[in-house]
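The values are calculated or read from the model by the stated rules, or taken from the named source; none is laboratory data. Note that the coordinates shown come from a computational prediction; the quantities given were computed from them, not determined experimentally. So basically every Cβ, Gly included, is an ideal-geometry build from the backbone, and we count neighbours across all protein chains shown.
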Amino acid sequence: TPEISFRHVGRTYRGRSGYTEALQHIDLSIAQNEFVSLVGPSGCGKSTALMLMAGLDQPDSGQVEVEGKKVIEPSDRVGIVFQDATLLPWKSVMENVLYPARIRGIPVKRVEPQAAALLELLGLERFKDRLPHELSGGMRQRVGICRALAYSPRVLLLDEPFSALDALTRDEMNLLLLELTESLRQTVVLITHSIQEALLLSDRVLVMSARPGRIIADISVPFERPRR
Ligand code: ADP
Ligand code: ADP
């Protein structure tokens, strides 16, 4: 079974000014350990597709599955990172990473070893007791990635995770992301505005078009990528 599948998925937003068909008849299959990028103009439905995968939104028609099971709510199977990691400002780095476990009543002991290992892997070990405002933007995004991966999810979803960072930090973060997801054998879906970034990082690039949201190209990236 594919890791993620969309079957005739449609999502229409109903607003005061009428309907927006954000996704129309999306059929999609993503294999385990695949690194897929979603590109396309603003408003073409990329975030909507990701929200459906995360169980943070529901389709109006069709079905979204992760590991063959219908996605009906957020779960530990899927981790998500947004453009802004929105850490809790009064909690330490480690506490931020453990926070989802605390609010879901998962024993922290079950998550802490993985959290510590991830913080080390991402070079944040020395900062685990610091507060978010003491970190740079790149470091805060790394904390967001640790938080998303602390539950060993099957799928990592990234919605323009590094777009707020300067170009140099972004390049560093991309390489780090590749190393990390390769070592964890992670299935990844990345939203990016940069086709260059998509080609550099992914096994496969999906191009979306607005009005209505559709996948208009599905490109396999045939060359060797760094460290993958
Ligand atoms: P991006 O292009 O980075 O996906 P958007 O500006 O399209 O960001 O969307 C940002 C947030 O606002 C999303 O959570 C999206 O669901 C919501 N949003 C986008 N368009 C509308 C709209 N027309 N009405 C209400 N919410 C919207
Ligand atoms: P993208 O991520 O590619 O920028 P989105 O998935 O955020 O696109 O949005 C797709 C379309 O749906 C856009 O036209 C956006 O304005 C609209 N939209 C997104 N979220 C909402 C919402 N909560 N309410 C109404 N319209 C929305």
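Just to be sure, is Asn96 more than 12 Å from the chain's Cα centre (by Cα), surrounded by 17 or more Cβ atoms within 10 Å (Cβ to Cβ) and touching a residue at least 12 places away in the same chain (Cβ under 8 Å)? So that I can check it myself, show each step before the final result.
On the way: more than 12 Å from the chain's Cα centre (by Cα): yes; surrounded by 17 or more Cβ atoms within 10 Å (Cβ to Cβ): yes; touching a residue at least 12 places away in the same chain (Cβ under 8 Å): yes.
Against the criterion (more than 12 Å from the chain's Cα centre (by Cα), surrounded by 17 or more Cβ atoms within 10 Å (Cβ to Cβ) and touching a residue at least 12 places away in the same chain (Cβ under 8 Å)), Asn96 qualifies.
Comparison of Leu50, Leu56, Leu88, Leu38 shows that the only residue that is free of Cβ contacts under 8 Å to residues at least 60 places away in the same chain and within 12 Å of ligand 1 (Cβ to nearest atom) is Leu56.
Just one of (1) touching a strand residue (DSSP E or B) at 6+ places or on another chain (Cβ under 6 Å); (2) among the acidic types (Asp, Glu); (3) on the phi > 0 side of the Ramachandran plot fails for Glu21. It is (3). Considering only the stretch 205-217, state which residues are more than 10 Å from ligand 2 (Cβ to nearest atom) and buried (at least 17 other Cβ atoms within 10 Å of the Cβ). Val205, Leu206, Val207, Arg214, Ile215 - these are the residues of the stretch 205-217 that are more than 10 Å from ligand 2 (Cβ to nearest atom) and buried (at least 17 other Cβ atoms within 10 Å of the Cβ). Across the stretch 157-176, the number of residues qualifying as within 16 Å of ligand 1 (Cβ to nearest atom) and surrounded by fewer than 16 Cβ atoms within 10 Å (Cβ to Cβ) comes to 2.
Right, Thr181: touching a helix residue (DSSP H, G or I) at 6+ places or on another chain (Cβ under 8 Å) and either of a type outside the set (Lys, Arg) or free of Cβ contacts under 8 Å to residues at least 60 places away in the same chain (or both) or not? Before the answer, list the steps.
On the way: touching a helix residue (DSSP H, G or I) at 6+ places or on another chain (Cβ under 8 Å): no; either of a type outside the set (Lys, Arg) or free of Cβ contacts under 8 Å to residues at least 60 places away in the same chain (or both): yes.
No: the conditions fail for Thr181.
Within the stretch 25-66, being modelled with pLDDT under 95 and either farther than 25 Å from Phe162 by Cα or hydroxyl-bearing (Ser, Thr, Tyr) (or both) holds for His25, Ser42.
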